[in-house]
1. If you go through region 278-285 one residue at a time, do you hit one that is out of contact with any Leu (no Cβ under 9 Å at 6 or more places or on another chain), touching a residue at least 60 places away in the same chain (Cβ under 8 Å), surrounded by 16 or more Cβ atoms within 10 Å (Cβ to Cβ) and not in a strand (DSSP E or B)?
2. Could you list, in sequence order, the residues of region 228-263 that are farther than 15 Å from Gly205 by Cβ, surrounded by fewer than 20 Cβ atoms within 10 Å (Cβ to Cβ) and of a type in the set (Lys, Arg)?
3. Taking region 211-227 as the search range and keeping residues that are surrounded by fewer than 19 Cβ atoms within 10 Å (Cβ to Cβ) and of a type in the set (Gly, Ala, Ser), which one is nearest to Glu289 (Cα to Cα)?
4. Quick check, is Ala132 touching a residue at least 24 places away in the same chain (Cβ under 8 Å) and buried (at least 19 other Cβ atoms within 10 Å of the Cβ)?
5. Could you grab me the full set of residues in region 104-161 that are touching a His at 6+ places or on another chain (Cβ under 6 Å), in a strand (DSSP E or B) and among the hydrophobic types (A, V, I, L, M, F, W, C)?
6. Pairs under 6 Å by beta carbon, first residue assigned to a loop (DSSP other than H, G, I, E, B) in region 27-56, partner of a type in the set (Asp, Glu), six or more apart or different chains?
7. In this structure, does Arg189 turn out to be under 26 Å from Arg113 (Cα atoms), in contact with a strand residue (DSSP E or B) (Cβ under 7 Å, 6 or more places away or on another chain), charged (D, E, K, R) and assigned to a strand (DSSP E or B)?
8. List, please: which pairs have Cβ atoms under 6 Å, are six or more places apart or on different chains, and start with a residue in region 245-274 that is among the aliphatic types (A, V, I, L, M) and end with one that is exposed (fewer than 15 other Cβ atoms within 10 Å of the Cβ)?
Amino acid sequence: MADTDTPSGNPLDDLDPSEVRIEAVDAFHLGGTRYAASFELTDIHCEFSRSFLLDIDFGETLTFTVRLQIEDAINSHATLAPDRHVVLELGGLIHDLTLAGDSVTALPEGVLRRIWHLEGGPQFVFGDRGVAYVREPGGDWELIAPHDLAVLRAIHGSSAQDVHACGHGGLLLRLEGRAWVPVEIPDQRNFYALEVSADGAMHFGGAEGTAYALMGEELTPLEAAPWDYFGICSFKGRRYWTDSSYGISVQEGNALRPFRNLGQGFFMHASAEKLVISGWKEIFIFDGENWEGFEMGYDGNIFLRRLDMADYGG
């Protein structure tokens, strides 16, 4: 349990714990039983926030330390290494957390909402008004030429040479240098999720059952339930899709098949051993055969508790 009783001036401290909402943001497997997970506490109107990045040991016991606490919203975070994190705070503030020390950089353009990083390669932060920034390892943040007033929802690539983005209004973009080039798609629905494979195949989807595979110039609609898809991630030879209505589906050929009723699933991150999924306030963990997970609770202080997976489609 972490003490959050220290006076901060945050109006959340004046609320009954039952009036405080909890949302999971992102979570990563660090190896073994260690995880990094970010959570946000808000009031029911989302006017005030307090957020945490936790270093978690999820073994026979469940313990954690607070790596970062901010009196605002964490929009997204990326774990680059067990002791190297990049956190996006509301307002375009980037927190770089390292063993050598922590720093904060303000990115002034756009409304930034998500971080994505290529393992061992560049990091991207992106959001509304067509704005995205990129940072090469060891370098500074550079603004990618904004694409109109696009709302960017996901960026992905298997290498620095095949980075793409997707977003609202049927938007699919390819990064060339420091500019986006449109890829024409005959669908104007909102795209929320994207995965680019090493063989050049792209899978993307989003609102109301939108799901596609694109290989070269061949666009294939995928059979899918009419859910809003928020994540696509390949793990141990299978491709998984998360949604806000059911939980997680697995792709079989050109169809998405319901896989486990988690209730809701949003962003996914995979290590070689674990697929880690953000739910509403839960973090779900899948090793290819077995499920486990934990969630944050709040009683005036934050705490974590282990999930009974029988309550989540077991």
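1. Quick first cut of region 278-285, residues out of contact with any Leu (no Cβ under 9 Å at 6 or more places or on another chain) only: 278, 280-281.
Subset that is touching a residue at least 60 places away in the same chain (Cβ under 8 Å): 278, 280-281.
Cutting the leftovers down to surrounded by 16 or more Cβ atoms within 10 Å (Cβ to Cβ) gives us 278, 281.
Now narrow it down to the ones that are not in a strand (DSSP E or B): 281.
Yes - at least one qualifying residue is present in region 278-285.
2. Answer for region 228-263, where residues must be farther than 15 Å from Gly205 by Cβ, surrounded by fewer than 20 Cβ atoms within 10 Å (Cβ to Cβ) and of a type in the set (Lys, Arg): Lys236, Arg238.
3. Taking the candidates together, the pick is Ala225.
4. yes
5. Answer for region 104-161, where residues must be touching a His at 6+ places or on another chain (Cβ under 6 Å), in a strand (DSSP E or B) and among the hydrophobic types (A, V, I, L, M, F, W, C): just Val104.
6. If the second residue must be of a type in the set (Asp, Glu), the pairs left are Thr33/Asp57.
7. So Arg189 does not fit the description; no.
8. Val250/Arg238; Val250/Arg257; Ala255/Glu223
Rule-based calculations on the coordinates, nothing more; no lab input. Since the model is a prediction, treat every value here as computed from it, not as a measurement. As a convention, Cβ positions derive from the backbone with ideal geometry for all residues, glycine included, and neighbour counts pool all protein chains shown.
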